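The values are calculated or read from the model by the stated rules, or taken from the named source; none is laboratory data. If you're wondering where the values come from, they're calculated on a predicted model, not measured in any experiment. Cβ placement follows ideal geometry from the backbone for every residue including glycine, while neighbour counts extend to all protein chains displayed.
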Amino acid sequence: MQFKTFIQFSIFMFLFGSCQKLKIEEGRSLLIPLPAQHTFYNASFTFEQDLRITADDFFQVTPKFLEHFFLRNGSVRINESDNAPEIIFIKVDSIDHEEGYVLDVLPDQIQIHASTEKGAFYAVQSLRQLLPSLFENDHNEIHDVSIQCQRIEDEARFKYRGMHLDVGRHLFPVEFIKKYIDALAMLKMNTFHWHLTEDQGWRVEIKKYPKLNEIAAFRKETLIGHYSDQPHQFDGEHYGGFYTQEEIKEVVNYAEERHITVIPEIEMPGHSQAAIAAYPELGCREEQVEVATKWGVFEEIYCSKDETFDFLEDVLDEVLALFPSEFIHIGGDEAPKTRWENCNECQLRIKNEGLKDEHELQNYFISRIEKYLNSKGRQIIGWDEILEGGLAPNATVMSWRGLNGAIEAAKLGHRVIMSPTSHCYFDYYQSDNETEPLAIGGFLPMEKVYAFDPIPEELSEEESNYVLGAQGNVWTEYMKTSEQVEYMVFPRILAMSEVGWTNKEKKNYDDFVPRVEHFHKRLKALNINYANHLYEVEGHLESSEGTNNYHLETITEGKEIRYTLDGSSPTKNSRLYTSSIPIEKSTLIKAALFKSEKKLGHIFSERINVHKAVGKHITINKKAHKSYPGSGAKGLVNGISGSDSRYGDKEWLGFWGDDLEITIDLGKETEISTIETRFHNGNGQWIYAPKKMETRFDDDKDILFTKISTAGLIARTIIQFDSRKARYIRIKIPNYGVIPEGKQGAGNKAWTFIDEIIVN
Ligand code: ACM
Ligand code: ZN
């Protein structure tokens, strides 16, 4: 954007438009996402009963959107009269960024400068955030609202700023889909990835194949509780539905009016059990299966015979008529190859096409669909598994299993979109508070979303041009209602909006937090069920020279931390935290945040188990994976265990495929008789407890072999031996190995997650 031209232009306006010279003042931008430049002046613009909205002829849509925003609220009358304060849309060709704008709030006029409707639309979204949140409610009485004079010069960092929503596992009403789209638009996001087909339900009306809607859209019942709760139990309730083509058109239009592209996802060849339930001939075995009633990865995938392609092309024809997007998402993830291995048609296809194996058959499948969609003028996006067995020539890769898929694809000259589980999966827990509603697992607090940089270090500047942007994913196995989707999405979407929009140099979490706190009022006004974890207390143990001190902290300003050490719940009369707490024996700390004697947020609770290795020197032959660093090696001897369900918290260290060698130096010969540790075993997230552990002391040759039980979500491992003296404890933990066929992540290396090594 050429800001220089603007500065001259606006001085002109100050002189001749307002006949007043403005001075720059200190100010703090409260916008989300944070704009590129935000300057404040020493005057203000006052909203009166009447407001005039005028625009260059070029702007046909956005001024109406703004008008509607005010009219819906009912507090401001739109009036043509010359003396009403004015908001004016000015077309300025020198703003060369398609989504860029300049917003000037002057004493008697608000100017929106843009070269496109998109730019003007984003200026309106910024203006909206400058107004009190009362303007978001319908029919409010608003008097004497004035906003400080200011200038915002802004443009997007990334071209693709997306949010995904899985409606296969649970279905949400059209009204909610629109509310979701409204929120995306408010946050200057521009893509809604609508995941429409799943093993558990087919959600798009296809007129040529009515059984997709009669059979594939419904399941007989749904799993209760978490997948890892055994034995599996079901609710016995018939569940389902689908979006009619009319409803879809309505959503696509609604999104388009808000500059949001809707990308439909029609999954293939995997995650297609519901379609196969409706049309068994699409599967290799042609046997009747049922629409899935639990979560996971299923072996029923589309057969590679010609009839499947006829079906998919027919389906896509109807999909293309509904969705004008350049991109069509064809899935491609989690397709076990067991059916193909045992199918005559698929084996014949491998032979006739000269393919090496079933992975190359997957490439054949995706490439054939790509060719079809390219012939219709569309491009495909696929999850990063589409790299296996060769990448379809024009495909865009959506990288979810970490960043490697994106790195590989960008180096091959393919476009990529970043949505790694580590930073972009909003189905993960957002707090390690045990009171959180049931979620799939993992741990992705807002801070980690915020820290995400879509450009991996491994890419050169040239290669990073292939990174289109980033996306938050919302898989809904554990989100039955729209309210729960909102809870999981907000406020992490605020962080994601800034990941996609704001320049890396401007991003700062400490600056972001008060803006989120301020944004709560707007979310409330919009009736969005956001999660609030800003008022939680966090803690960590620091050890040096044999003393251990526990530190408490919180991220927002102006509040008090009060705590107890006797297990009771903290009250406004509990001890005020002023400096770190010395820990001499095992201790339970409970703490909470208070403002004006009122408790905010949840009670924080931490058990510190002072064992013989706490605070001692520890080394590991490998660094934890950068996505799951926990608190580093010393976190394994800090007296604190990880959360059972949230393996990404700051106590769990994650290693991908590494064989580990850990040495603990107890500092001096110490009497010991047990070593206890835990491994996470969240197989759905590719995490497998290792099969064994080998322990050795000092320079002994003798090795203690320990077999590890891998039943359940946590593998607790205790090594007991005759009491002995040792200074060094040396532990070898070989990685589980490759994930077996039929499981999520089959064929990949397993992750190892370990939280604490307790020595007594
Ligand atoms: C995915 O999360 N299976 C793309
Ligand atoms: Zn087959």
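The selection criterion, being among the aliphatic types (A, V, I, L, M), at pLDDT 95 or above and either in contact with a strand residue (DSSP E or B) (Cβ under 8 Å, 6 or more places away or on another chain) or crowded, with 17+ Cβ neighbours inside 10 Å (or both), holds for VAL105.
Within segment 55-113, restricting attention to residues that are among the charged types (D, E, K, R) and under 34 Å from the mean Cα position of the chain (by Cα), the residue that is nearest to THR39 (Cα to Cα) is ASP104.
The sole residue among ILE90, ILE110, ILE95, ILE152 that is within 16 Å of THR62 (Cβ to Cβ), modelled with pLDDT of 95 or more and part of a loop (DSSP other than H, G, I, E, B) is ILE95.
Evaluating LEU373 against the criteria (1) away from ligand 1 (no atom under 14 Å from the Cβ); (2) in contact with a helix residue (DSSP H, G or I) (Cβ under 6 Å, 6 or more places away or on another chain) leaves one unmet condition, (2). Restricting GLU326, GLU345 to residues that are more than 27 Å from the chain's Cα centre (by Cα), at pLDDT 95 or above and not aliphatic (A, V, I, L, M) narrows the list to GLU345.
Note on segment 188-234: residues that are closer than 26 Å to PRO264 by Cβ, among the polar types (S, T, N, Q) and not in a loop (DSSP other than H, G, I, E, B) amount to 3. Consider only pairs whose beta carbons are under 6 Å apart and that are at least six residues apart or on different chains; among these, list those whose first residue lies in segment 371-389 and is free of Cβ contacts under 8 Å to residues at least 40 places away in the same chain and whose second residue is within 16 Å of ligand 1 (Cβ to nearest atom). Pairs that qualify, where the first residue is free of Cβ contacts under 8 Å to residues at least 40 places away in the same chain and the partner is within 16 Å of ligand 1 (Cβ to nearest atom), are LEU387/GLY405; GLY389/GLN362.
If you take just the helices (runs of 4 or more DSSP H) that sit entirely in segment 272-384, which of them hold at least 2 residues that are aliphatic (A, V, I, L, M) and closer than 22 Å to GLY241 by Cα? Walk me through how you get there before you give the answer.
Working: elements: 273-278, 306-322, 338-341, 344-352, 358-375.
The helices (runs of 4 or more DSSP H) meeting that bar are 273-278, 306-322.
Residue by residue, here is whether (1) in contact with a helix residue (DSSP H, G or I) (Cβ under 7 Å, 6 or more places away or on another chain); (2) more than 16 Å from ligand 1 (Cβ to nearest atom); (3) more than 30 Å from GLN125 (Cα to Cα); (4) not hydroxyl-bearing (Ser, Thr, Tyr) holds:
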| residue | (1), (2), (3), (4) |
| --- | --- |
| GLY241 | no, yes, yes, yes |
| HIS271 | no, no, yes, yes |
| TYR279 | yes, yes, yes, no |
| LYS294 | no, no, yes, yes |
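ASP314: surrounded by fewer than 19 Cβ atoms within 10 Å (Cβ to Cβ), touching a residue at least 60 places away in the same chain (Cβ under 8 Å), within 16 Å of ligand 1 (Cβ to nearest atom) and acidic (Asp, Glu), yes or no? Please lay out each step first, then the result.
Working: surrounded by fewer than 19 Cβ atoms within 10 Å (Cβ to Cβ): yes; touching a residue at least 60 places away in the same chain (Cβ under 8 Å): yes; within 16 Å of ligand 1 (Cβ to nearest atom): no; acidic (Asp, Glu): yes.
No: the conditions fail for ASP314.
Among the residues making up segment 697-738, those that are assigned to a loop (DSSP other than H, G, I, E, B) and either buried (at least 17 other Cβ atoms within 10 Å of the Cβ) or within 34 Å of the chain's Cα centre (by Cα) (or both) are ILE708, SER709, THR710, ALA711, GLY712, LEU713, PRO734, ASN735, TYR736, GLY737. Screening MET398 with (1) within 12 Å of ligand 1 (Cβ to nearest atom); (2) within 20 Å of PHE158 (Cβ to Cβ); (3) outside any strand (DSSP E or B); (4) of a type in the set (A, V, I, L, M, F, W, C) gives one miss only, at (3). For segment 267-291, the set of residues classified as crowded, with 23+ Cβ neighbours inside 10 Å and away from ligand 2 (no atom under 16 Å from the Cβ) consists of GLU267, HIS271, ALA274, ALA277, VAL291, listed by residue number.
Of note, LYS504 does not satisfy the criterion of being closer than 30 Å to LYS294 by Cβ, surrounded by fewer than 20 Cβ atoms within 10 Å (Cβ to Cβ) and more than 16 Å from ligand 2 (Cβ to nearest atom).
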